[in-house]
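No value in this document is a laboratory result; all are computed from the given coordinates. Here the structure is a predicted model, which is why all the values come from computation and not from measurement. A quick note on method: Cβ atoms are made from the backbone with ideal geometry, for glycine too, and the neighbour counts reach across all protein chains shown.
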């Protein structure tokens, strides 16, 4: 029997169980890996980044609106307004639009990047953890299978732009974040990769090329129309 005080409350236990129930039939994009692995990892990164219990709960539930049929109201009823507001901030599509009914990839991602300037610290901390875990997973996959970028809506070019812009925004708004540091390491590996180098014209720095993605309509046509499901940078 330990005399140490608990490090988290029963609310977190409840959120973990509910998350498992909500995402029981979902897997990672293009993998035979349960989707809950990502949600647990994001919550863990939030804790490690100095987050509160509410923020860690929001990390577990950050895809509940987008991919599990929940709403701001249903989450607020169980876990309070702060958790629900963070989950809503981490949702990149309009409430009620899921799966193939989502708005086009580029519409959602450009709006998400633009909104980072106005989001709360808690929302930014969960965003940093989410993108860091996704980016690290992508990089590890690409080391083994360079063609793995094809499973994402906008491929390597669009994904590099999106992750770079997230990292740049978080560097200003959430300085010192461990998760954003991990995201930056993944972004640097992507930009330095042989696969990305083949996309960049001679004489242009990879980061400059990635940042200019929106100015190249011919390169992001794929992302301008694709909707689809999540389970990654979808």
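Going by Cα centres, the stretch 140-162 and the stretch 1-45 are how many Å apart?
26
Could you give the angle, 0 to 90 degrees to the nearest 10, between helix 178-192's Cα long axis and the longest principal axis of the Cα atoms of the chain?
It works out to around 20 degrees.
Starting from 0.36 nm per residue, how many nanometres of slack lie between residue 11 and residue 145 once their C-alpha separation is accounted for?
Here the segment from residue 11 to residue 145 would lengthen by 44.3 nm.
What is the helix-to-structure angle for 121-144, meaning the angle in degrees between its Cα long axis and the longest Cα principal axis of the chain, kept from 0 to 90 and rounded to the nearest 10?
50
Within 10 Å of each residue's Cβ, count the other Cβ atoms and sort 171, 123 from fewest upward.
171, 123
Is it possible to state the helix-based mean residue ellipticity at 222 nm for the chain, with each DSSP H run of 4+ residues giving -39500 (n - 2.57), the sum divided by total residues, to the nearest 500 deg cm²/dmol? What is it?
Only helices count here, giving -18000 deg cm²/dmol.
Arranged by the count of other C-beta atoms within 10 angstrom, fewest first, what order do 162, 12 take?
12, 162
Just to verify a number: FRET efficiency for residue 77 and residue 188, C-beta to C-beta distance, R0 = 41 Å, to 0.05?
0.50
Would you list 131, 4 from fewest to most Cβ contacts within 10 Å?
Least crowded to most crowded, the residues run 4, 131.
Expressed as an acute angle from 0 to 90° and rounded to the nearest 10, what is the orientation of the C-alpha long axis of helix 10-22 relative to the principal long axis of the chain?
For 10-22 against the chain, the angle is about 50 degrees.
Say R0 is 45 Å: what FRET efficiency, to the nearest 0.05, do residue 25 and residue 205 get from their beta-carbon distance?
0.55
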